[in-house]
Structure formats: C-alpha cells, structure tokens
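Report on the structure given below.
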Amino acid sequence: MKVIACVLTLFLGLSVVSSVTAAEVLTLDDCIELALQNRASIIAARGHETLAGATKRAALGAFLPRIDASYGYSKTYRRDIKSDEFYSEYEYVKDSIAVYDPEDSSTSYLPIASPVITDVGIREIQIPDQNLTNKSLRFSAGMSVFNLSNWFNLAGAKADKAKAHLDVIGSEQDLIKAVKVSYYYYLAAVENVNVQEQAVKRSKEQLKLINSKYELGSASLSDVLKQKVQFGNDRLALLTAENNVTSGRANLAYTVGLNPNSDYEFSTEYKVREYSGTLKQAMSYGLKRKPSLLSAQESVDAARYALRSRKASYLPTLSASASLSFSDGTQGDTLTYNSSSRSATIGFNISLPIFDGFQREYNLTQAKVNLNNARAGLSDERNFACQKIKTAYFDIERLKEKKKVSKENVDAANQDLKITQEKYNLGAATILDLLDAQVSLKQAQVSLIQADFDLNLAIAKLENAMGKM
C-alpha cells in the first residue's frame, strides 16, 4: 500500500508540474498550493509526522504479546564407509585344577576350560548406509502483564504525534507567509515599473517641450541639459525596476518550489487585505491556536510523561510466557512432520531492578532537565507569540495611516506638478522647480505602492502570528 501511495504521489506531482508548465498565469492561491506540494521543508515535516505515528504504534505494541514460530530440519546421511578393525581369535582348551580339602587332607581335581589365542590380525569392515532426519516445530508467546513505564511511554508517544502534526501545520503557515511575502514584493516591483515608465514618459515629454522652448528662445540651454539629466536618471530607475521584477520573479519561483530558470508568469491581480479585529481578539486567538505554541505545550506533556516513565523504572515488572514445541527424529528424507514428542511450557516472571550502575538515576536526571527545558521553551514561545502579534497589529494600524497620507501626497504632488508646469510655461518657475515637482510625484507614487503592499504584508504577518492559514 505504501508503494502504491508513493507512486500516486509521484504521479500527482508530475501532473501538477506539467499543468504548471502549460499554465500561462499563476495566482497567489496557485503559488501557495504548489509550495505546499514542492518545498522540502513541508515534505520533511510530514515525514517527521509519519515517523511519530510509527513511534506511537511501537509504544502501543509494548502491550501486545510477542509471538514467534520456528521450524528446524536437519538430515544426517552416511554411506558405504570402509574401515580397518583389529581382531583376535581364540578357542577354549579343556584342563583341570587341583583343590585341597584341609578337613580330610585330600586333594581333588576340577575340570575347567581355558582360552587359548589361535589367531590375531587386522581386517576390513563396511558400515551400512544410514539416513537420520531430525525435525522440530516450536511456537512461543510472551507479553508484559504489568509495566507502568509502558503506559507513560504510550502517552508520551501520543503527545509526540500531536506535536509532529502541529509542526506540519506551523511549517505550512510559515511557508504560506513566505509565499505571500515573495508574491507581494514581486507585485510591488511590477507596480514600480509602471511608475518608472510614467516618469520616463513625463521626462521625455518635458524634454521635447523644453527643446521647443529653447528653439524659440524662451528657455536656456541649462534647462535643456538639466532635463536631459533627469530623463537619463528616470531611464536608469526604470532599468533598475525591471531588474527588480526579474529577480522578484525568480525569488517567487524558488519560494514556490519551481525552477527559477524557467519562465513562469504570475498574476498581478490581488485583493487589498483588511483586518478589523482588535488587539485583544488577535491575542486571544493566537494564544489558543498558534501551532508553534501548541507544539511547545505538547513537548511539555511528552517530557512530563517521559519523567514518569523514568520514575516507574524503579517498580517491579511482571511478564508471562508460554511455549509449545514438537520434535521428530525418524529415518528418511521427507519433510512430512510426524511428531514423536511434544512439550508445553507456561510461566511468569517478576523482575525488580536493584542496582544498574546508576543508569536509572542518570535517565531520571535527564528527564527532569528535559522537562524544565520544555517548560522554559513553552514560556519563551508564548512571549514570542505575543510580541509578534502585538508588533504586527500596530504595524497594520501604522500602515493604514501611511496609506491615507500616501494617497493625499500623490494627489498633492499631481496638483503641484500641474501648477509648476503652468508657472514654468509662463516663466514664473525655474527648471529646478519643475524637476522637483516631477521627482516629488514619482516618490509619492512609489511610497503609495510600498504602503499598499506593506499593509498586505503586515496582515499576512499578523495572521501567521495568530496561527491562521
């Protein structure tokens, strides 16, 4: 099943890549979806979650019996073995032995047979063929009946699994924020190109107008040269803005997980984001749902269960076991099982650790340190989340005002340029006044673009700090 899932994932990934290649324009939502599929950080976080799930299953397996089965087969084969053997031959010869009787001082003779060697030597013998087959079949099972550490290990594994899942969500949210940042920088660069193009167009028209006035004798050569310098500066600014678009497109492609060397087009349409909640609401939401904060809490729980597990190592453990074995020793070479003996064994074991070279004490101290570190990390993460939420919230309030002021500045700069242009045409303003008005308008337009996209970025940062996708 895992192999099939990997194949399907690869197929879907290739399908996404091919659809991206064929697509003409990628929206912000498209970029976010691709990034969540392609970036290595997300893949690694999901892999850690898979491992945490396997660890949880392993902890649950400590409560289940261990079952083993084994089958053994051996064969002894001996054939036509010839060997030398020492031999001796003898026969019995009849004889007699004298027996004296002290009571009557008489002697009698008893017949006996005495062995007499008739032949000795070495002869060859042959051992017949032998086929011996031994087979054994064994089933065994054992399980832990009482081990308090297993319960705490299981609870800790569940906390680690929950933490890994929250880390995946946190990684996804961080990546979404990174995509939005890159996307908004790219859009700001595109908008800046438009502003610089308008500035080049105005400078070019002004240069034509001043050249005409110079030819009529109503403008000086100095005015013409100053306008040429301004025209050149605007063209250089346009080239810089175009380069920023190219680099911004490559950076966005990399953030999404695409090849920056390929040509991808990104949509320049976007929605102006707004946030109307209060700081208290943002803080309350973030402290309840921020993935990194919840993950830190799960780390504390896992460390607490680990400490309890280390303490439980001082308690006795109870385990039970059972086994059933069959054996067969017959002649022949068949694998057919013919039991000639059977044995069954059941039992239990109580273990109480007494001294292990201070290893338990070390593990207990380490668990206490880990718990203290986890608690400190949770406190630090909570303070960091509050700081990020507060900073992002006040950035939004500041950028809202900045955007209003920037709009007013653009309107004022447009009016100032028109008035200065008329004054210059009438001779009531100098070329420097006109150039200042042009530069002021361009700066006001760029500032408005920056304020607009900075506001969207601030909202994205606030949502990330709150734990929103």
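The values are calculated or read from the model by the stated rules, or taken from the named source; none is laboratory data. Values in this document were obtained by computation on a predicted structure and should not be read as measured data. For neighbour counting, all protein chains shown are included, and Cβ atoms are generated from backbone atoms with ideal geometry for every residue, glycine included. We work out accessible area using only protein heavy atoms, side chains counted, and drop any ligands, DNA or RNA first. Shrake-Rupley method; radii C 1.70, N 1.55, O 1.52, S 1.80 Å.
Things to note:
- Taking first residues from region 275-294 that are in contact (Cβ under 8 Å) with a residue 60 or more places away in the chain and farther than 25 Å from residue 162 by Cβ and partners that are assigned to a helix (DSSP H, G or I) and open to solvent by less than 40 Å² (accessible area, probe 1.4 Å), the Cβ contacts under 7 Å between residues at least 6 apart in sequence or on separate chains come to 275/396; 275/459; 275/462; 279/393.
- Every condition in (1) part of a helix (DSSP H, G or I); (2) farther than 24 Å from residue 280 by Cβ; (3) not aromatic (Phe, Trp, Tyr) is met by residue 389 except one, and the failing one is (2).
- Of the residues examined, residue 244 is not one that is out of contact with any strand residue (DSSP E or B) (no Cβ under 7 Å at 6 or more places or on another chain), without any contact (Cβ under 8 Å) to a residue 24 or more places away in the chain and open to solvent by 50 Å² or more (accessible area, probe 1.4 Å).
- Number of residues in region 30-70 that are outside any helix (DSSP H, G or I) and surrounded by 12 or more Cβ atoms within 10 Å (Cβ to Cβ) equals 5.
- Test: residue in region 250-269 that is open to solvent by 20 Å² or more (accessible area, probe 1.4 Å), β-branched (Val, Ile, Thr) and modelled with pLDDT under 90: yes
- Of all residues making up region 121-142, the number that are among the aliphatic types (A, V, I, L, M) and either modelled with pLDDT of 90 or more or open to solvent by 80 Å² or more (accessible area, probe 1.4 Å) (or both): 2
- Verdict on residue 272 being under 24 Å from residue 399 (Cα atoms) and outside any helix (DSSP H, G or I): yes
Yes/no matrix, rows are residues, columns are (1) open to solvent by 70 Å² or more (accessible area, probe 1.4 Å); (2) touching a residue at least 40 places away in the same chain (Cβ under 8 Å):
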{"residue": "358", "(1), (2)": "yes, no"}
{"residue": "374", "(1), (2)": "no, yes"}
{"residue": "379", "(1), (2)": "no, no"}
{"residue": "384", "(1), (2)": "yes, no"}
{"residue": "388", "(1), (2)": "no, yes"}
{"residue": "403", "(1), (2)": "no, yes"}
{"residue": "407", "(1), (2)": "yes, yes"}
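- Hey, residue 152 open to solvent by less than 60 Å² (accessible area, probe 1.4 Å) and under 28 Å from residue 290 (Cβ atoms) or not: yes
- Picking from residues in region 210-219 that are under 11 Å from residue 431 (Cβ atoms) and at pLDDT below 85, the one that is most open to solvent (accessible area, probe 1.4 Å) is 213.
- Exactly one residue among 229, 200 is open to solvent by 40 Å² or more (accessible area, probe 1.4 Å), farther than 30 Å from residue 37 by Cα and at pLDDT 90 or above, and that residue is 229.
- Qualifying residue in region 411-427 (condition: at pLDDT 85 or above, farther than 26 Å from residue 213 by Cβ, open to solvent by less than 80 Å² (accessible area, probe 1.4 Å) and part of a helix (DSSP H, G or I)): yes
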